[in-house]
Amino acid sequence: MPDFILELLTEEIPARMQRQAAKDLAKAITDQLASHGVALAAHQVYVTPRRLAVCIQGLPVNTPASDEERRGPKVGAPVQALAGFLKSTGLTEEQLEQRSNDKGETYYYAVIEKPVQALAGILPVMLASIILAFNWPKSMRWGQGALRWVRPLVNILATFDGKPLLGGIILGNHLRGIPPSYVPTQPQLPYTNTTLGHRVHAPDRITITDNYSAALEKAYVLVDVEARKDVIRNAAQQLAPTGAAFDLNEALLEEVAGLVEWPVPLLGCIDNRFMQVPPEVLTTSMASNQKYFASYDADGRLQPYFLMVANQETKGKDAAIVHGNERVLRARLFDAAFFWEQDLKKPLAAFLEPLKNVVYQQGLGTVYDKAVRLEKIAKAIAPAFSDDVGMAELAARAGMLAKADLASGLVGEFPELQGIVGGHLARQQGLPAVVADAIRDHYKPVGGELFPANAPVSRAVALADKLDQLVLFFAIGEKPTGSSDKFALRRAAIGIIRLAAVDGEPGYPGLDACLKIVWEAARKILAAQNPVFAAPQPPAALIKDIKEFILDRLNVFLKEQGNRIDVIRAVQAAVLNT
C-alpha cells in the first residue's frame, strides 16, 4: 500500500506557532481523507523552523465506493428550495426519494453514489483546498499573490507512492472555494518530490521517495522536535560544569528546539563582574533575549555558565562562536549592571516619590496612593496571620515599599522583575528579611502554587495587594465581562483564595472584615478625588458582587481539589446567606 508525504517549506515559522500548526495540518488532511471514506492510517507529524510535514503510511490506491444520503426540503416547499437542493446534489427531481417521519412530515431524500476514485487524483485538489484555507494566528501576503501564509511559502513536497502529485498552488487564488476540477496547469508552487536540506550544510535540492525523516537527517535536518530536544538534553548533561546543572526549563527548551534544525549545544561563561547582579536579572536576560540556559549548583545558586544552541555544525569554530555569544551577552548585562548599581545608591523609600506622579488608574489615584493603602491594609490584617505583635509594623513597612521598585531603573529595563528587584534592594540595604521577602512575593501566588505557610508578613502584603485591586476596580464599575478581564481581577480573586488555602495556618479575618478594611483605607485617600468612595461603609451591592465573584472562583478551585459539586453548592449558598 502506498505512502503519502507532504512537506510545506517556508521561511522561518515563529516557534510559538509550530506545534499547533503541525497538528492543524495533520487534522485537516486526515479529516479530508475520512470524508472520502479512507480510514486513518499510521502517520507522523514533523515540524521545524522551516517546514511542516505529514507522512502517512499504508494508504489505499483507490477510495472505496459509497453512498451518501442527504435530506432535502419538505415536499411542497417553495420551488427555489427544491431547485437549490437539486443543484447541490446534481440529481433530478425524479431521482429523489420521498420519506415520511413519525410526525407525518414528508421530505425529499437524495442518495448519491460515490464511485471508486484514484486517490492520486483526489489528493492534489484536497491539498490545494487545505493550503489555501489554512489558518495562522498571524499571516502575511508577499509578492503579487493573494495567498496568506505565516511566512513566504517556497516549496511543496507532495508525493504519493514515491511519485510527485500533479498540479500545485497558484498564489493568486483567493479563498473563494476550489472548483472540483482544480489542477492548475502552470502553478507557481508545483507539487514536487524534492526539498531543501540545511541552509548551510545541504543547500542543494534533495529528492525524497520514502523515509522522509532519514533523508532529511542526512541533509542535516532533524525534523522531529523531540529528537532535537533530546540532543539538547544530552549535551546539557555532558557540558555541565562540575557541581552544576543546566536548568532546561521546558518552555524555553521548546522554544529553542523551534529555532534550530540541527542543534549544536555549546558552553559559554558569564563574566564574574556580573555575578553581583540579582540572579533573576541575569537569567531573564539570558532566556528572553538570547535563549540561553542558566546553570545552578546543588543549593540553587546561579553559576557563571550558560548553554547556547547553535543551528549548524561548528567545524572547529567552537571558540569563535562561543566568544561572539559571550560578547553579545556581556553588552546586555552591562546595562543591567549599570541600572543595578545606580538603584543601590538610593534607599528603597526614595523610589516612592516619583510614584506620586504615576497614575494607578483613572479615578483610583496614583501608585503612591496605592502604596499608602497597602501600608494600612497590611497592618490591619497582619494579626490574623501571626500572634507576634511586631508583625503588624513589619507588614505595614513592606506594604508601603512593595511598589517602590516600579520607579527603579532595573525594573524599567526588566518590567517582568517588579517585586523581585524590590526584594533584592531591600535585602542589600539591610531591611529585615521578612520585609524583603514580602516585597519580593507580594504578586504571588501565581497559577496553581500555594503561598508559603510560614510567611505571615508576605501573606498579609500579598492579600492586601489583591484585595485592594479587586475592591477598587469593582467599586468604579470595571468588572470582568465575558472573556475580557483587562485588570486581571479573576487572577486576583484566585490569589485571595490560594492565600487562604494554607493548611495549619490562621486564616485572614473574614471576607466582610477585609472588605471594610480596604474600603476604609481607600475612603481616607480617595474620597476627595472620587465621590464613589465618600460613603463611610462599602455599599451592600458592592459587597454582594465581590462575594459572588470570589465564590465563583472558589467553586472552580474546590472542584479542582476533588470536592463534590453538591457539597460545594451547599457551602456556597450558606456563605452567601450569612
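A few notes on this one:
- Contact order relative to length of the chain, as percent, for alpha carbon pairs under 8 angstrom and 6 or more apart: 9
- Computed from Cα positions, the angle between helix 391-401 and the longest principal axis of the chain comes to roughly 60 degrees.
- Working note: Cα gyration tensor of the stretch 204-288, eigenvalues times five, square-rooted, sorted largest first, giving semi-axes of 33, 13, 11 Å.
- Among Leu558, Ser88, Val518 - extreme Cα towards positive end, dipole of the chain, charges at beta-carbon: Val518
- Surface calculation, 1.4 Å probe, protein heavy atoms: Arg427 sits at approximately 100 Å² accessible.
- With the simple spin-label model, which puts each label point 7 Å out from Cα in the Cβ direction, the Ala528 to Asp230 separation comes to 6.9 nm.
- Among Ala28, Pro137, Val221 - extreme Cα towards positive end, dipole of the chain, charges at beta-carbon: Pro137
- Heavy atoms of Lys524: accessible area, 1.4 Å probe, square angstrom to 10: 140
- For Arg71, the solvent-accessible surface computed with a 1.4 Å probe is close to 140 Å², ligands and nucleic acids excluded.
- The phi-based Karplus calculation (6.51 cos²θ - 1.76 cosθ + 1.60; θ = phi - 60°) puts the 3J(HN,Hα) values of the stretch 117-127 at 10, 6, 5, 5, x, 7, 4, x, 5, 4, 5 Hz, whole numbers, x for Gly and Pro.
- For the chain, the Cβ-based charge dipole about the Cα centre amounts to some 1240 debye (Lys, Arg positive; Asp, Glu negative; other atoms uncharged).
- Ranked order, His323, His442 - accessible area, probe 1.4 Å, largest first: His323, His442
- Kirkwood hydrodynamic radius over Cα pairs of the chain, then Stokes diffusion coefficient at 10 °C and 1.306 mPa s, in µm²/s: 54
- Dividing the convex hull volume of the alpha carbon atoms of the stretch 305-412 by its residue count gives 184 Å³ per residue.
- Along its first, second and third principal axes, ordered by size, the stretch 281-365 spans 61, 30, 23 Å in Cα coordinates.
- Relative contact order (%) - the stretch 33-131, alpha-carbon pairs under 8 angstrom, separation at least six: 28
- Helix 79-89 and the long axis of the chain differ in direction by around 80°, with both axes built from C-alpha atoms.
- Angle of helix 318-344 to the longest C-alpha principal axis of the chain, folded into 0 to 90 degrees and rounded to 10: 40°.
- Taking the Kirkwood radius as Rh and the Cα radius of gyration as Rg, the stretch 23-156 has a ratio of Rg/Rh equal to 1.11.
The values are calculated or read from the model by the stated rules, or taken from the named source; none is laboratory data. Fair warning: this is a prediction, and the values are worked out from it, not measured in the lab. All Cβ positions, even for glycine, are placed from backbone atoms using ideal geometry, and neighbour counts span all protein chains on display. For the accessible areas, the whole protein counts, side chains as well, though only heavy atoms, and no ligand, DNA or RNA atoms are used. Shrake-Rupley method; radii C 1.70, N 1.55, O 1.52, S 1.80 Å.
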